[in-house]
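Written out below as structure tokens is the structure these notes cover.
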Amino acid sequence: MMDVFESRAGAASRPVRPASAYGELPPRSATTAHGTRLAEIISAFASAQRRRKPGDYLFRAGDTFHFFYVLSEGFAKSCYVTEDGRQRTTGLHLRGDILGMDAIANATHGCDAIALDACEVLTVPYDTVRLHCQRNPELAHELLRAFSTEIRNDRELMLSMSTFSAEGRVATLLLEMSCRCASRGLSATKLQLHLSRQEIGSMLGLTLETVSRAFSRLARLGLITVCLRDIVLLDHEGLLDITTLPAALPTFARGLRDNFVTASKTPALVRRFGQKVPGRLTSA
């Protein structure tokens with residue numbers, strides 16, 4: 001018999017396929033970013049689908065954890081409020097991302113999740129996912145892979161914040177967004193960040209003024225064009241040159257180099273500066 005899970009707030013229920021229907025999970029793509037494949041799988045277990053307007057909360061810090069939230073359309077941010085009342089942005093989320101996984105440990109959400117534009121969100125009961133994981137080891141493995149990727153991404157963000165210049169941090173953010181958008185069938189060169197300069201600064205550990213200077217400098221180098229929150233990436237390789245550290249190139253950046261750079265192409269920054277390539281620039 002097909003399981004049916006009741007939705008909250010009177011929303012229409014959706015039928016859920018049994019775990020046996022997932023004997024063979026969707027194929028894994030080498031370019032799939034965090035959560036996309038898992039989101040595809042667990043979306044079938046959703047109990048409700050809801051629309052959210054810009055500024056609406058998907059969940060709030062302190063809420064009891066019951067659901068994963070899968071973004072099927074739109075953008076959202078995760079953030080928390082510091083003791084002195086400032087809002088600190090911790091992540092930008094787009095279609096295919098799963099929110100709320102960090103709440104499993106304490107059974108409460110540790111941050112807010114807020115829609116940045118018109119979003120479509122699937123609510124997936126955690127108990128349902130856990131039940132299907134018991135029946136399907138490959139699904140459990142996908143969940144563990146998602147947790148591992150989250151930990152790795154957090155580590156690499158910490159690395160960039162502790163080592164890269166302001167330009168390197170901004171370039172890293174742009175390249176990560178480019179990779180994530182490409183894996184979801186969106187443009188890898190035309191980005192809409194949906195975050196203010198202040199929100200970007202709080203996520204990268206920079207002031208608003210430093211973020212603005214970093215964008216301006218990357219634009220002067222011919223690596224990007226900037227129009228408010230619309231960013232066009234003109235030179236992926238040049239951005240990678242700015243983020244490169246000896247023996248510490250982020251994993252997603254290595255993949256981007258394979259995807260966007262050919263062996264015959266002369267590095268863009270070498271063309272501009274001769275053989276002296278500024279791998280790490282100082283803030284202006």
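The values are calculated or read from the model by the stated rules, or taken from the named source; none is laboratory data. Keep in mind that what you see is a predicted model, and the values were worked out from it rather than measured. Note that each Cβ is placed from the backbone with ideal geometry, even for glycine, and that neighbours are counted across all protein chains shown. With ligands, DNA and RNA removed, areas are computed over all heavy atoms of the protein, side chains included. Shrake-Rupley method; radii C 1.70, N 1.55, O 1.52, S 1.80 Å.
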> Which residues, counting only those in segment 219-235, are closer than 14 Å to residue 200 by Cα and assigned to a strand (DSSP E or B)?
Replying inline: 230, 231
> For segment 105-145, what are the residues that are part of a loop (DSSP other than H, G, I, E, B) and not hydrophobic (A, V, I, L, M, F, W, C)?
Replying inline: 106, 109, 110, 117, 136
> Restricting the first residue to segment 187-207 and requiring it to be closer than 23 Å to residue 236 by Cα, which pairs with a second residue that is buried (at least 20 other Cβ atoms within 10 Å of the Cβ) and among the basic types (Lys, Arg) meet a Cβ separation below 6 Å and a spacing of at least six or different chains?
Replying inline: 204/169
> Filtering segment 147-166 down to residues that are under 17 Å from the mean Cα position of the chain (by Cα) and small (Gly, Ala, Ser), which residue is surrounded by the most Cβ atoms within 10 Å (Cβ to Cβ)?
Replying inline: 160
>> Filter segment 189-225 down to the residues that are of a type in the set (A, V, I, L, M, F, W, C) and open to solvent by 20 Å² or more (accessible area, probe 1.4 Å) and list them by number.
In response: 206, 208, 219, 221
>> So, residue 44, is that one farther than 25 Å from residue 204 by Cα and assigned to a loop (DSSP other than H, G, I, E, B) or not?
In response: no
> Can you name the condition, by its number, that residue 125 falls short on among (1) within 17 Å of residue 71 (Cα to Cα); (2) surrounded by fewer than 20 Cβ atoms within 10 Å (Cβ to Cβ)?
Replying inline: (2)
>> Which count do you get for residues in segment 167-183 that are closer than 23 Å to residue 42 by Cα and open to solvent by 20 Å² or more (accessible area, probe 1.4 Å)?
In response: 4
>> Considering only segment 240-256, I want to know if a residue exists there that is at pLDDT below 95, of a type in the set (Val, Ile, Thr) and exposed (fewer than 15 other Cβ atoms within 10 Å of the Cβ).
In response: yes
> If you check residue 206 against the conditions, is it assigned to a loop (DSSP other than H, G, I, E, B), more than 30 Å from residue 38 (Cα to Cα) and at pLDDT 90 or above?
Replying inline: yes
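One line per residue, one yes/no per condition, for (1) open to solvent by less than 10 Å² (accessible area, probe 1.4 Å); (2) polar (S, T, N, Q); (3) within 22 Å of residue 156 (Cα to Cα); (4) in contact with a Phe, Trp or Tyr (Cβ under 9 Å, 6 or more places away or on another chain):
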| residue | (1), (2), (3), (4) |
| --- | --- |
| 41 | yes, no, no, yes |
| 45 | yes, no, no, yes |
| 62 | no, no, no, no |
| 65 | no, no, no, yes |
| 82 | no, yes, no, no |
| 86 | no, no, no, no |
| 103 | yes, no, yes, yes |
| 117 | no, no, no, yes |
